[in-house]
Amino acid sequence: MNRRCTNVEKLIDLFPLEQAQVTGKGIQFKGFIYSCSIAIREQWYAKDLREIPIYFDNYDDDYILVLLKDGSLTIAYRISNSEVADQQSIENYQAMIRSIKEQLKYRKKRSWKK
């Protein structure tokens, strides 16, 4: 019997489906903390604790694939090597994201004036 694999089936073979915990520190999975631009933009970390579906790479824990409500995927990168991340590291990361957003806003405003 020769059957065709769907893209989802291939994805599940390569990246097992698991659940990660969204907390005030970030997306926690297997002892690491991850973050992505969508989680920051939608302020996931300020909301109640919850679990989200993710796909993970058994060979590389630098990132996870977060399954969004609309069925699409986004990449969340590891921001800490431990669930016991120090607050300073998290604050530095968030400050960096805010700075990048401000730079993008400034560039947009400059390009509109031309």
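The table that follows gives values for the structure above.
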quantity: I40 being in contact with a Ser or Thr (Cβ under 8 Å, 6 or more places away or on another chain) and in contact (Cβ under 8 Å) with a residue 40 or more places away in the chain; calculated: no
quantity: Members of region 62-78 found to be closer than 17 Å to E42 by Cβ and charged (D, E, K, R), listed by number; calculated: K69, D70
quantity: Selection from region 1-36 of residues that are of a type in the set (D, E, K, R), touching a strand residue (DSSP E or B) at 6+ places or on another chain (Cβ under 7 Å) and modelled with pLDDT under 90; calculated: K25
quantity: Residue in region 64-80 that is under 14 Å from A20 (Cα atoms) and at pLDDT below 90 present; calculated: no
quantity: Residues of region 52-71 satisfying the condition of being surrounded by 12 or more Cβ atoms within 10 Å (Cβ to Cβ) and over 19 Å from I100 (Cβ atoms); calculated: I52, P53, I54, Y55, F56, D57, D61, I64, L65, V66, L67, L68
quantity: Qualifying positions in region 81-114 - surrounded by 10 or more Cβ atoms within 10 Å (Cβ to Cβ), at pLDDT below 75 and hydrophobic (A, V, I, L, M, F, W, C); calculated: A85, I90
quantity: Filtered residue count, region 29-51, keeping only those that are loosely packed, with under 14 Cβ neighbours inside 10 Å, of a type in the set (A, V, I, L, M) and either in contact with a helix residue (DSSP H, G or I) (Cβ under 6 Å, 6 or more places away or on another chain) or in a strand (DSSP E or B) (or both); calculated: 0
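The values are calculated or read from the model by the stated rules, or taken from the named source; none is laboratory data. All figures in this text were calculated on a predicted structure; none of them were measured in a lab. All Cβ positions, glycine included, derive from the backbone under ideal geometry; neighbour counts span all protein chains shown.
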